[in-house]
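Undergrad: Structure in structure tokens, see below.
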Amino acid sequence: MRASSAASQLKELVSQKSCPGLLVLTSPDRARRDRALAYVIQHFTDNRLKPSSFTFGDQGRTTIQSFLADAAEPSLFEPVRIVVIRGIEKAKAAEVEPISALAAKKISGLHMILVGESLPNSPNFKKAVEKHGTLVQFEELKGAELSRWVEKEMRSCGIAQSPDEVVGLLLSLAGDDVDAIARLVEKLALYLDGAPPTAAVLRELEPGRSVASDFELAEALLSPKRGATETLIQQLLAQGSSPFMLMGLLTKTFSTLYRIRAALDRGQSQQDLKASLGISPWLLSKYLPLARQLSLPEIARRLEALMKADFSLKDRSLGPGATLSSLAASCAPGRSF
């Protein structure tokens, strides 16, 4: 099923106001799998219900049989129960038999949502899905369809324009990898902060195919886990990220966090923030959770650390790795100058 057809099928599904007893979502990329799952859960649950989850290949001591046995138990407190089973493409034929058997029972109030890159290699399971469930399959995006998806992704991230040159460069840098494209578009949107996209900016931002995200570093500087932050710094430098570009992005991020925190302290609402800061709703949704984690003095302390690191970098008194490592140490929670 083409991507547009699968998306239409999902919209039709949620319009029915009732989640199927067995729903299977497959996509070759993680971005559309995760979004399809979030879309379904959002429409079929309230915010209080957190679905229980099982992942093939990462289940620890829990077996699919024991997981399903718990899910099938009736509950006075949760008359509607939704369970999510991920990684179904990794499941062996014998492992999906309990799922087929439980789906055939059609237990009232129990809804199983299965997610994976593809269906497991089991003809019996495929027959069970056809008989008892609903299957939504996203096919691989190629050619013009992939380009249209990139344009939609840019718009959803608050980038109003999508020049052909920028779309083509995004596809080239990400190697037509949908998940890599999604990460790169998010990075570009955060960096642009509402400005129009250009190929020159994208080339500066992404000198090569990226695994680690520059913007992960801003969040990492809020974490007490220094080891993970140091590893991320080395990944960014090793893959060609410019230390000066990193410093610029971090300064812009923490300056925006300072403005948001100051506005929150003045009692401004989220709606007022959108108007006063002049940033897109998507960007605000990224910054707001981080700003709420910190007090104004804590953000100011990190901005001071950034200024000192920027001076060291330009003064060349320390190498980029040592400078960023010192920055991570200075930004650690609870650290004072």
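Undergrad: Determine, yes or no, whether residue 101 is touching a helix residue (DSSP H, G or I) at 6+ places or on another chain (Cβ under 9 Å) and at pLDDT 90 or above. Walk me through it before giving the result.
TA: Numbers: touching a helix residue (DSSP H, G or I) at 6+ places or on another chain (Cβ under 9 Å): yes; at pLDDT 90 or above: yes.
In short, yes.
Undergrad: Taking the residues in region 266-287 that are free of Cβ contacts under 8 Å to residues at least 60 places away in the same chain and among the aliphatic types (A, V, I, L, M) as candidates, determine which candidate is surrounded by the fewest Cβ atoms within 10 Å (Cβ to Cβ).
TA: Keep residues of region 266-287 that are free of Cβ contacts under 8 Å to residues at least 60 places away in the same chain, which gives 266-277, 284-285, 287.
So of that shortlist, the ones also among the aliphatic types (A, V, I, L, M) come out as 273, 275, 277, 284.
Details: 273: 20, 275: 9, 277: 16, 284: 17.
My answer is 275.
Undergrad: Going residue by residue through region 27-37, is there one that turns out to be basic (Lys, Arg), at pLDDT below 85 and within 28 Å of residue 185 (Cα to Cα)? Full working, then the answer.
TA: Residues of region 27-37 that are basic (Lys, Arg), as a first pass: 30, 32-33, 35.
When the remaining residues are screened for being at pLDDT below 85, the result is none.
Looking through region 27-37, none of the residues is basic (Lys, Arg), at pLDDT below 85 and within 28 Å of residue 185 (Cα to Cα).
Undergrad: So, in region 1-44, how many residues would count as being of a type in the set (A, V, I, L, M, F, W, C) and part of a helix (DSSP H, G or I)?
TA: The first filter runs over region 1-44 and keeps only residues of a type in the set (A, V, I, L, M, F, W, C), leaving 1, 3, 6-7, 10, 13-14, 19, 22-25, 31, 36-38, 40-41, 44.
Filter once more, so that each one left must be part of a helix (DSSP H, G or I): 3, 6-7, 10, 13-14, 31, 36-38, 40-41, 44.
So the answer is 13.
Undergrad: For a quick check of your reading of the model, give me the residue pairs whose first member lies in region 55-73 and is closer than 17 Å to residue 115 by Cα, whose second is at pLDDT 90 or above and in a loop (DSSP other than H, G, I, E, B), with beta-carbon atoms closer than 8 Å and at least 6 apart or on different chains.
TA: That search, which allows pairs on different chains as well, returns 55/87; 56/87; 56/91; 57/87; 58/87; 64/56; 64/91.
Undergrad: Give 73, 95, 130 a once-over and let me know the one that is under 20 Å from residue 8 (Cα atoms), in the same structural domain as residue 13 (by TED's automatic domain parsing), among the charged types (D, E, K, R) and more than 27 Å from the chain's Cα centre (by Cα).
TA: Numbers: 73 fails: under 20 Å from residue 8 (Cα atoms); 95 fails: under 20 Å from residue 8 (Cα atoms).
Going through 73, 95, 130 in turn, just one is under 20 Å from residue 8 (Cα atoms), in the same structural domain as residue 13 (by TED's automatic domain parsing), among the charged types (D, E, K, R) and more than 27 Å from the chain's Cα centre (by Cα): 130.
Undergrad: Restricting to region 78-132, name every residue that is among the small types (Gly, Ala, Ser) and crowded, with 18+ Cβ neighbours inside 10 Å.
TA: Quick first cut of region 78-132, residues among the small types (Gly, Ala, Ser) only: 87, 91, 93-94, 100-101, 103-104, 108-109, 116, 118, 122, 128.
Residues satisfying the conditions are 91, 100, 103, 116, 122, 128.
Undergrad: Which one is farthest from the chain's Cα centre (by Cα), of the residues in region 164-207 that are in a loop (DSSP other than H, G, I, E, B) and surrounded by 20 or more Cβ atoms within 10 Å (Cβ to Cβ)? Please lay out each step first, then the result.
TA: The initial filter retains those residues of region 164-207 that are in a loop (DSSP other than H, G, I, E, B), namely 175-177, 193-198, 206-207.
Subsequent filtering for residues that are surrounded by 20 or more Cβ atoms within 10 Å (Cβ to Cβ) retains 197, 206.
Values: 197: 22, 206: 19 Å.
Applying the filter and picking the extreme gives 197.
Undergrad: Against the conditions (1) out of contact with any Cys (no Cβ under 7 Å at 6 or more places or on another chain); (2) at pLDDT 70 or above; (3) within 21 Å of residue 307 (Cα to Cα), where does residue 214 fall short? Just the number, please.
TA: Here residue 214 meets the rest and fails (2).
The values are calculated or read from the model by the stated rules, or taken from the named source; none is laboratory data. Everything numeric here is computed off the predicted structure, so don't read it as measured data. Quick reminder, even Gly has a Cβ in these numbers, built from the backbone with ideal geometry, and neighbours come from all protein chains shown.
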